[in-house]
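The values are calculated or read from the model by the stated rules, or taken from the named source; none is laboratory data. All values reported here derive from a predicted model rather than from experimental measurement. Cβ sites come from the backbone with ideal geometry, for glycine too, and all protein chains shown count toward neighbours.
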Amino acid sequence: MNKETKSLINSLLVILLYYYALQGLVKLFWFTNDQGMFKGRVHFLGLLLILGTLFGVIVPYHVFSIHFVDLLYYGIIIFHLLVLLVGGIYQLLKS
């Protein structure tokens, strides 16, 4: 297996892990029996997570000092870990 294939598989696994965790978060906070609404909420939350992270990484770097930006970056990492842990654990327990 070459490097490109391994990289593609790892990227897909990360995306699936986030999707799985986001499904858990939607079940925890916004559960509905309508499949279309459920998938829409998962996709909305994923898009919000991506755009919020991009905004939180790019904008403060140009506005604030480097010490505040480092703290903010650690906060973003901790937030993503919490999203993965809470969503993943709830999805495991309730599926």
Legend entry - Filter result (in contact (Cβ under 8 Å) with a residue 24 or more places away in the chain and in contact with a Gly (Cβ under 9 Å, 6 or more places away or on another chain)) within region 50-87: VAL86, GLY87
Inset, instruction - State the number of residues belonging to region 35-66 that are assigned to a helix (DSSP H, G or I) and over 20 Å from LEU84 (Cα atoms). - result: 10
Inset, instruction - Can you tell me which residue within region 1-36, out of those that are touching a Phe, Trp or Tyr at 6+ places or on another chain (Cβ under 9 Å) and surrounded by 13 or more Cβ atoms within 10 Å (Cβ to Cβ), is farthest from LEU92 (Cα to Cα)? - result: TRP30
Inset, instruction - Return the total of residues in region 43-87 being modelled with pLDDT under 95, surrounded by 14 or more Cβ atoms within 10 Å (Cβ to Cβ) and aromatic (Phe, Trp, Tyr). - result: 1
Inset, instruction - Could you tell me whether any residue of region 73-90 is touching a helix residue (DSSP H, G or I) at 6+ places or on another chain (Cβ under 9 Å), of a type in the set (Ser, Thr, Tyr) and not in a helix (DSSP H, G or I)? - result: no
Inset, instruction - Kindly indicate whether any position in region 40-49 is touching a Lys or Arg at 6+ places or on another chain (Cβ under 9 Å), among the basic types (Lys, Arg) and either at negative phi or touching a residue at least 24 places away in the same chain (Cβ under 8 Å) (or both). - result: no
